[in-house]
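> Take a look at this one; I'll ask things after.
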Amino acid sequence: KAKVAETLAEFRGAFRYNLLDENLRRFNAQVPTITQWDDHEVHNNWYPGQILDDDRYTVKDVDVLSARSLRAFSEYFPIRTLRPDGHGRVYRVVNHGPLLDVFVLDMRTYRNANSDGRQTEDAQGILGAEQLRWLKRELSRSRAVWKVIASDMPLGLVVPDGKTRFEAVAQGDPGQPLGRELQLAELLRHIKHQRITGTLWLTTDVHYTSAQRYDPARAAFKDFEPFWEFVSGPLNAGGFQALKLDGTFGPEQRFLKAPDRANTSPAETPQYFGEVDIDGGSGELTVRLRQDSGEVLFSQTLQPGRVGQ
C-alpha cells in the first residue's frame, strides 16, 4: 500500500481493494457475516479526540478520519443500525430465533483516551455510558437460550499501547477494578443480579487464540458469576505473542496457542478461527477453536439455562 487512507475516496478504495481477492469474494458468497469495526479501519489503536503523531498523515484529527472511514465502512458492510451516510451505530443485537442472540459491541467509537487505566471513576470507559445502558437493557430483555457477546477487544488480556498506556479493558493491576474495568464490573454485576442466563464472550484483536474462564473465587472483584471468553483470529494477518492476564476478574487460561515472536507471517504460523454449534435438542453450546487447516485445537461444551458456567 503506497499511501495511508485519509480521504473518503481513499477509505472507499481500501475496502474495495480487499474485494479484488477471489478467495474473499468466494468466502463472502458462501458465509454470512456479522461485521464489527475496530482500529485498523482508521489507525492503529485510535480513540476519539486523538491527534496523530504520524508523519504519514496530513490529516491528524482522528475524529475526521474515523467519520470518513465509517462512511465508507457503511457502504461496504450493510448494517441495519448504520445508514449509508455513516450515521447511526455499529453496536446492535442480531437475533437468531429462540436459541441465540448476538450482542455486537463497538469498543472503539465511544471509548475514552488510552491511558494507564488507574482511574477510580470512569463513566465513559471503553463502551461509553449509552452503549453500556443499551447492553444491560437488551441482555435483560433477551429470551434467547444463549446470549453471545461479540467484543472487538479482549477482557482480561493486557493489551499495551506504548509503554504506559493500555488499549483494551485490562491494565495489569490484579486488584479491584480501575479505569475501563469499572464498566465491565458493572455489567458482570448486572448479569448476576438480574439472573441473566447463557452469556459468553467471543473476543478478538490479539492475533492468536485462547480460552479463559473467569471465576470470582480467583478474582479481586467477586460480585459476578463465572463465565467464558473465547479469543480467536486473525484469518489473514501476522501472528503475535501471547499477552499477560490481569487477575481482577479471576481468569484461568484453559487453552493458548500463539507464535513466539511478533508479526509472524501467515506463511509461518497458523491462522485461527472459532466455531460455535448449538444443539437444537439439548440446547448445549459447543465452542471449537480451530486453525486454518481445520484442526480442532480446543473444544468446550456449555450447558443452557445457567447464569454462570
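> Which one of these does Gln300 not meet: (1) surrounded by 15 or more Cβ atoms within 10 Å (Cβ to Cβ); (2) assigned by TED's automatic domain parsing to the domain that holds Asp215; (3) part of a strand (DSSP E or B)?
(2)
> Among (1) surrounded by fewer than 22 Cβ atoms within 10 Å (Cβ to Cβ); (2) closer than 22 Å to Val93 by Cβ, where does Pro234 come up short?
Exception for Pro234: condition (2).
> While we're looking at this one, here's another question. Any chance segment 284-295 includes a residue that's hydrophobic (A, V, I, L, M, F, W, C), buried (at least 17 other Cβ atoms within 10 Å of the Cβ) and in a loop (DSSP other than H, G, I, E, B)? I'd like the intermediate steps shown before the answer.
Narrowing segment 284-295 to residues hydrophobic (A, V, I, L, M, F, W, C): 285, 287, 289.
Those left that are additionally buried (at least 17 other Cβ atoms within 10 Å of the Cβ): 285, 287, 289.
If we keep only those that are in a loop (DSSP other than H, G, I, E, B) as well, we get none.
Among the residues of segment 284-295, not one is hydrophobic (A, V, I, L, M, F, W, C), buried (at least 17 other Cβ atoms within 10 Å of the Cβ) and in a loop (DSSP other than H, G, I, E, B), which makes the answer no.
> Further question on the same structure: Of everything in segment 270-286 that's under 19 Å from Ile149 (Cβ atoms) and touching a residue at least 40 places away in the same chain (Cβ under 8 Å), which residue is farthest from the chain's Cα centre (by Cα)?
Gly283
> May I pose another question? Residues that are in a loop (DSSP other than H, G, I, E, B), within 24 Å of Thr197 (Cα to Cα) and outside the structural domain of Val145 (by TED's automatic domain parsing): does segment 236-254 have at least one?
Narrowing segment 236-254 to residues in a loop (DSSP other than H, G, I, E, B): 236-238, 240-244, 246, 250.
Restricting the remaining residues to those that are within 24 Å of Thr197 (Cα to Cα) gives 250.
Those left that are additionally outside the structural domain of Val145 (by TED's automatic domain parsing): none.
Within segment 236-254, not a single residue is in a loop (DSSP other than H, G, I, E, B), within 24 Å of Thr197 (Cα to Cα) and outside the structural domain of Val145 (by TED's automatic domain parsing).
> Can you name every residue in segment 209-229 that is crowded, with 22+ Cβ neighbours inside 10 Å and aromatic (Phe, Trp, Tyr)?
Tyr214, Phe224, Phe227
> With the requirement that a residue be in a loop (DSSP other than H, G, I, E, B), of a type outside the set (S, T, N, Q) and within 16 Å of Asp106 (Cα to Cα), what does segment 29-67 give you?
Ile34, Trp37, Asp38, Val42, His43, Trp46, Tyr47, Pro48
> Which ones in segment 149-169 are surrounded by fewer than 24 Cβ atoms within 10 Å (Cβ to Cβ) and over 9 Å from the mean Cα position of the chain (by Cα)?
Selection gives Val158, Val159, Pro160, Asp161, Gly162, Lys163, Thr164, Arg165, Phe166.
> Return the pair list, or none, for Cβ contacts closer than 7 Å from residues in segment 133-145 that are touching a residue at least 24 places away in the same chain (Cβ under 8 Å) and in the same structural domain as Glu186 (by TED's automatic domain parsing) to residues that are of a type in the set (D, E, K, R) and buried (at least 18 other Cβ atoms within 10 Å of the Cβ), at least 6 apart or on different chains.
Leu139/Lys147; Ser142/Asp101; Ala144/Asp101
The values are calculated or read from the model by the stated rules, or taken from the named source; none is laboratory data. Note that the structure is a prediction, hence the values are computed from the model and not measured. So basically every Cβ, Gly included, is an ideal-geometry build from the backbone, and we count neighbours across all protein chains shown.
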